[in-house]
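Colleague: Here it is, the structure in full.
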Protein chains: 4
Amino acid sequence: MKIAFIGFGAQARENLIPACSTLFGVEIAAICDSDPVKCMEAAALFNFDQSRIFNDHREMMDNCKPDAVIVACYPTEHYRIACDAIERGIPVFVEKPVASTSQQVIHLAELAERKGVVTGTGMNFRFAEVTERIKQIAGDNVQMISLRQMANKPVGTLWDYDSVLRSFLHAQTIHGLDLLIHLCGPVKRLSVANNSHGEKIMFSALMEFAGGAHGTLITSNMSPHFTFDLDVLAQDKLHIKSTSLNTISVAEVDKTYIQGENKRWCDIWAASPLSSGYSRAGYAGELLDFISAIQSGDRDSQTAISTLIETYRCMDAIEKQCCQLLAVNY
Amino acid sequence: MKIAFIGFGAQARENLIPACSTLFGVEIAAICDSDPVKCMEAAALFNFDQSRIFNDHREMMDNCKPDAVIVACYPTEHYRIACDAIERGIPVFVEKPVASTSQQVIHLAELAERKGVVTGTGMNFRFAEVTERIKQIAGDNVQMISLRQMANKPVGTLWDYDSVLRSFLHAQTIHGLDLLIHLCGPVKRLSVANNSHGEKIMFSALMEFAGGAHGTLITSNMSPHFTFDLDVLAQDKLHIKSTSLNTISVAEVDKTYIQGENKRWCDIWAASPLSSGYSRAGYAGELLDFISAIQSGDRDSQTAISTLIETYRCMDAIEKQCCQLLAVNY
Amino acid sequence: MKIAFIGFGAQARENLIPACSTLFGVEIAAICDSDPVKCMEAAALFNFDQSRIFNDHREMMDNCKPDAVIVACYPTEHYRIACDAIERGIPVFVEKPVASTSQQVIHLAELAERKGVVTGTGMNFRFAEVTERIKQIAGDNVQMISLRQMANKPVGTLWDYDSVLRSFLHAQTIHGLDLLIHLCGPVKRLSVANNSHGEKIMFSALMEFAGGAHGTLITSNMSPHFTFDLDVLAQDKLHIKSTSLNTISVAEVDKTYIQGENKRWCDIWAASPLSSGYSRAGYAGELLDFISAIQSGDRDSQTAISTLIETYRCMDAIEKQCCQLLAVNY
Amino acid sequence: MKIAFIGFGAQARENLIPACSTLFGVEIAAICDSDPVKCMEAAALFNFDQSRIFNDHREMMDNCKPDAVIVACYPTEHYRIACDAIERGIPVFVEKPVASTSQQVIHLAELAERKGVVTGTGMNFRFAEVTERIKQIAGDNVQMISLRQMANKPVGTLWDYDSVLRSFLHAQTIHGLDLLIHLCGPVKRLSVANNSHGEKIMFSALMEFAGGAHGTLITSNMSPHFTFDLDVLAQDKLHIKSTSLNTISVAEVDKTYIQGENKRWCDIWAASPLSSGYSRAGYAGELLDFISAIQSGDRDSQTAISTLIETYRCMDAIEKQCCQLLAVNY
């Protein structure tokens, strides 16, 4: 399978291309970037001649006829490039944020559906090893969930956005929010408490899911480090905790351990000291699923653009509530 | 100082009396319990003759003239006993729950104020070693806080209560909620998401504090183990985490470590392997403060009954919202 | 049971007396200290009149006729006081170090045996909650064990000792070494690597036990904090780890977990956030066992002085090897 | 730079090739395996035509003229292939174990020296992120070190070896032992306690380093999981711990923390939740250093075969002592 990369920035270099290069049967056919310097770097790195390096993504698509494209640029460009790919019938995997508005996401999903094109999105947390285990353990019966997702950026506006809050939502919150929706389904009601000020973002969202569960998303750009800690109750008996995408503990009501003890014991999983590559954080999984969907010929990927509509709807709701709260407070 | 204990149940035996016996200058003058069997046990344990063992708390107060009483019975009795002590001018420390309604708590606070009697309450989490450190580190500038407090009880009604939810609120939630108010001040707005069913309690409360901070309290009686995990942002630069009343980590924006590194480093405190006694979980601190307040003669204790009014008000609000939500859902 | 305390220093005040005061049926009958200031403090603290406060331990024993004495002074005094108690037929519990030489320990053990007097020693680590669990889990089949026990003291000579190394051995190493012998039995061969210099102690001992297991004791006075980390292989299939007397993990070959997984899962136990008192670190257990042995009338305590002979023999061997190594190196 | 891989097994596929593919300027020029099935898989995976797939490594070297070869086969083949590469002047990176005997390692080192050829070896633990930090923090002043390295394999003989112990030494112990030597230098004295039986390996080695430090290596093939835990004292004031190649804690004597506290505080580093790729466990670092050494033209790599001589000497010593001990015990 010939894959072309559009956008040769940090995310492509550090995660997507290396993750791709570990997959069997995948060939990196071309690299495209609107920045000539990055094109030169790509050519040097991959020892590619000029026939495989492009400035313009449409030219690349038309000349190279890739079996799929992987896009990691700016959100405004994502929308345009995804349209161009879908209209050409080329399966397209788009990094987050897929687009800068909900309307664009909805439009892309409709277009992909109409054209019957497989799409995928950079929702790697859905494929993180801990997520997959939590899904297996909790089944479809998550009852209460909370996620503390702290970050140290963005502390200014990103891309062509004019709001730090929206930059934060589309760069960071999208992951945690999407994961909660991935585990619990669509959201029925959402309330936000917010005391962001200036470029310092801090809010907590209380979410009631249509399926009956409820959850909290607690997030900020003011921690020095990225942290990602989940706490889940499921099946009327399981208390599941996961820290740093690296450990899971499962405490089960009435489960007995050595010598029949059950107080203060639980099961714990931790990644291997030698754990390497792109599986643990989900980069390998999201790409593998996208490629498998293309190869299967009869299904969309699990991260299809359409699966992001609910996440964007909730980001809009959070943004709106945050702004109203700020308006009230001033 | 002569102290009398009223109620000789598990909390008195396991925590309050042993904690008291480690304090200098404190003498256990008498023990009172309405259950004759427990009275006999107390007499045997302390080698007390009948002059120091009582069935009736008023008789004990009048005969023994203790310098203070410590009460650990049922909440309805707490109210009556506290009234009796305050009216006699005897300082009184009451275990949680201090009373079964907000009205009673307000009345006790007013009575104590009018009579000028020192009161204290079993809010040990305020004096836990981690709490005291978090207060020092965050100062008065907590900005966002979340507490995950899970428990495995009560799973039925307690005392003479007729609601599992209220039993849970007054037995468990009171601690976490009180701690949040202790750290962040009074609450301006409170929203609850609840999917408790039957005797299984699960709710999350989103709280906006009058001082500007906001927080979340995530709690249930469905975990096999008691857990208590805090996450705090403070002073526009500190991310503080505390687990199991046993560890604290502090990550500070831009703080540098060995070799000038700052990514992924933080400060961490952990209790000593040999940590023993009643300080870590706050039992020693709450009693010591109560006794010091009596000895000082010019201040109330830091856990005076009046300091619990806001906590009860919020428990009422949570209970009301939970019931409304359930009503809507059915 | 009337118990008298001899020595009213930090260990008595902070651990032994409070731990004792939590035991049913125990009365603190008298306190003895050669320092008049400490006697006055004891009198004030316990509201004891002069008939229960003593300067001389023999006078106290003869006047008070205690059912048992608990001794926490200096090691040289320990020997003399223990002799005096045993000769009077009074059960005696002696803090570590029981004596300053192996010869004294052997003599005390013989004397106690001859007189049929119950003795106990402050080997609290044997009764720590984690130790008791490890014994249950590993049974009599520990195969390989290693203990990292770091401390920040002593950094000078203690008591009337003239060697920092011996001070360290008798104040710190005694605990770890004794625990290894408690779990694995007597030692067949012992090799030491040592690069202590001046008052900085650092050595590792490789121990082969007569029962077949082997172990390592890695220790120093140069860490800022006390740490105590065990790693045990047992029963050809269990890997047990314990940190800070606070957690235990058990990984078992071929044990399966949720969804049939077995890679990277294990069982873990952690002390409760509210864990209080003197059980976790073993102070309550060692005293309770001593008292139970007295009450039973037909057995010695599990920490009888005789059980320390092997530990002292190994401390002597370590000291001798350390000194030879230093002699060789200079 | 054109790199050819010899041996297309699990280590090449899972770690070496993906790690290589993340390095700038590196082209995978050819793949060689003596197994025709693996050759076909390699051809399919990389979309290589027959000109880049080889059965015979000498033919590949002579036809392809690679700038370097990376070898991951069996130890006996490693020796032969490394000889062939070095004699042709081709830089060669050899996975562990480099050879099946010390004599072969010494011979390869001499040959490489004589021919002036850069060599490298798969000692990834030297380049693990935690190792590099420990080296920076401890400087050249490690004083006491202990490593607990547990594994679940091999439980039978590997390659063409006829001893489980030697298989274990060359497959597992080599890493931990090499790391200790990497951090502390050559070994002056080594004592082993061993109670391996049948295919169950368990031994502890006490090591005195020529530079003055000492250490312990505690290892077995009987844990269900691979574990790697280091404990280091350095510079008369630092206590460094590292677990699972994923965290480092540093406790420093007299270092003060927030509010001037120093008891029970330390610094801690933990890998990011999103940490991906081949740097953390050292695979990227070892390859990058090998390639840099080739490119520099004036230095050997930091994992040159000559740097393994001391490690092999110590493995021989351990093997000899283990066998003698077993002989004595029977």
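The values are calculated or read from the model by the stated rules, or taken from the named source; none is laboratory data. Worth saying up front: this structure is predicted, and the values here are computed from it rather than measured. No Cβ is skipped: glycine too gets one built from the backbone with ideal geometry, and neighbour counts run over all protein chains shown. Please note that ligands, DNA and RNA were not included when accessible areas were found on the heavy atoms of the full protein model with its side chains. Shrake-Rupley method; radii C 1.70, N 1.55, O 1.52, S 1.80 Å.
Colleague: Count, please, the residues in the stretch D:119-151 that happen to be in contact with a Phe, Trp or Tyr (Cβ under 7 Å, 6 or more places away or on another chain) and either acidic (Asp, Glu) or part of a loop (DSSP other than H, G, I, E, B) (or both).
Modeller: The number of residues fulfilling the criteria is 1.
Colleague: Out of (1) surrounded by fewer than 17 Cβ atoms within 10 Å (Cβ to Cβ); (2) acidic (Asp, Glu); (3) touching a residue at least 24 places away in the same chain (Cβ under 8 Å); (4) in contact with a Lys or Arg (Cβ under 8 Å, 6 or more places away or on another chain), what's the single condition that is false for B:Asp316?
Modeller: (4)
Colleague: Among the residues in the stretch B:298-306, are any part of a helix (DSSP H, G or I), away from chain A (no Cβ under 13 Å) and open to solvent by 10 Å² or more (accessible area, probe 1.4 Å)?
Modeller: The answer is yes, given that some residue of the stretch B:298-306 is part of a helix (DSSP H, G or I), away from chain A (no Cβ under 13 Å) and open to solvent by 10 Å² or more (accessible area, probe 1.4 Å).
Colleague: Filter the stretch D:145-185 down to residues that are over 30 Å from D:Asp236 (Cα atoms), more than 11 Å from every other protein chain (Cβ to nearest Cβ) and touching a helix residue (DSSP H, G or I) at 6+ places or on another chain (Cβ under 7 Å), then give me how many there are.
Modeller: Going through the stretch D:145-185 one residue at a time, the tally reaches 11.
Colleague: Further, regarding this structure: Restricted to the stretch A:59-84, and to residues that are in contact with a helix residue (DSSP H, G or I) (Cβ under 9 Å, 6 or more places away or on another chain) and open to solvent by 80 Å² or more (accessible area, probe 1.4 Å), which residue is farthest from D:Ser21 (Cα to Cα)?
Modeller: A:Arg80
Colleague: Say we look at the stretch B:26-55 and pick out the residues that are without any contact (Cβ under 8 Å) to a residue 60 or more places away in the chain and facing another protein chain (nearest Cβ under 9 Å); which of these is least open to solvent (accessible area, probe 1.4 Å)?
Modeller: Per the criteria, the residue is B:Leu45.
Colleague: Now for a separate question. Within the stretch B:186-225, count every residue that is facing chain A (nearest Cβ under 9 Å) and part of a loop (DSSP other than H, G, I, E, B).
Modeller: Residues in the stretch B:186-225 being facing chain A (nearest Cβ under 9 Å) and part of a loop (DSSP other than H, G, I, E, B): 7 in total.
Colleague: Across the stretch B:208-237, what is the number of residues that are open to solvent by 10 Å² or more (accessible area, probe 1.4 Å) and β-branched (Val, Ile, Thr)?
Modeller: Matching residues across the stretch B:208-237 total 1.
Every residue, every condition in (1) open to solvent by less than 30 Å² (accessible area, probe 1.4 Å); (2) closer than 20 Å to A:Leu230 by Cα, yes or no:
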{"residue": "A:Arg114", "(1), (2)": "no, no"}
{"residue": "A:Gly120", "(1), (2)": "yes, no"}
{"residue": "A:Val130", "(1), (2)": "yes, yes"}
{"residue": "A:Arg133", "(1), (2)": "no, yes"}
{"residue": "A:Ala138", "(1), (2)": "yes, yes"}
{"residue": "A:Val155", "(1), (2)": "no, no"}
{"residue": "A:Asp162", "(1), (2)": "no, no"}
{"residue": "A:Arg166", "(1), (2)": "no, no"}
{"residue": "A:His175", "(1), (2)": "yes, yes"}
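Colleague: Mind checking which residues of the stretch A:196-207 are without any contact (Cβ under 8 Å) to a residue 60 or more places away in the chain and open to solvent by 10 Å² or more (accessible area, probe 1.4 Å)?
Modeller: Hits for the stretch A:196-207 are A:His197, A:Gly198, A:Glu199, A:Lys200.
Colleague: Considering only residues that are polar (S, T, N, Q) and closer than 25 Å to B:Leu147 by Cβ, which ones fall in the stretch B:232-281?
Modeller: Answer for the stretch B:232-281, where residues must be polar (S, T, N, Q) and closer than 25 Å to B:Leu147 by Cβ: B:Gln235, B:Ser242, B:Thr243, B:Ser244, B:Asn246, B:Thr247, B:Ser249, B:Ser272, B:Ser275, B:Ser279.
Colleague: I'd like the full set of residues that are within 15 Å of B:Gly120 (Cβ to Cβ), more than 9 Å from every other protein chain (Cβ to nearest Cβ) and open to solvent by 10 Å² or more (accessible area, probe 1.4 Å), limited to the stretch B:1-22.
Modeller: B:Met1, B:Gln11
Colleague: Additional query: Within the stretch C:268-279, how many residues turn out to be touching a residue at least 40 places away in the same chain (Cβ under 8 Å), within 7 Å of another protein chain (Cβ to nearest Cβ) and farther than 24 Å from A:Ala270 by Cβ?
Modeller: 2
Colleague: Another question about this same structure. Which condition from (1) within 14 Å of chain B (Cβ to nearest Cβ); (2) farther than 24 Å from D:Thr227 by Cβ is the one that A:Asp316 breaks?
Modeller: Here A:Asp316 meets the rest and fails (1).
Colleague: Working only within the stretch B:175-216, note down all residues that are touching a strand residue (DSSP E or B) at 6+ places or on another chain (Cβ under 9 Å) and among the small types (Gly, Ala, Ser).
Modeller: B:Gly176, B:Gly185, B:Ser191, B:Ala193, B:Ser196, B:Ser204, B:Ala205, B:Ala210, B:Gly211, B:Gly212, B:Ala213, B:Gly215
Colleague: Mind telling me which of the residues C:Ile291, C:Ile240 ends up being away from chain D (no Cβ under 12 Å) and either buried (at least 18 other Cβ atoms within 10 Å of the Cβ) or in a loop (DSSP other than H, G, I, E, B) (or both)?
Modeller: The match here is C:Ile291.
Colleague: For the stretch D:243-267, which residues satisfy the criterion of being at the interface with another protein chain (Cβ under 8 Å from one of its Cβ atoms), in a loop (DSSP other than H, G, I, E, B) and over 14 Å from D:Val130 (Cβ atoms)?
Modeller: D:Val253, D:Asp254, D:Lys255, D:Tyr257, D:Glu261, D:Asn262, D:Lys263, D:Arg264
Colleague: Report yes if some residue within the stretch A:100-117 is in the same structural domain as A:Phe228 (by TED's automatic domain parsing) and touching a Leu at 6+ places or on another chain (Cβ under 7 Å); otherwise report no.
Modeller: no
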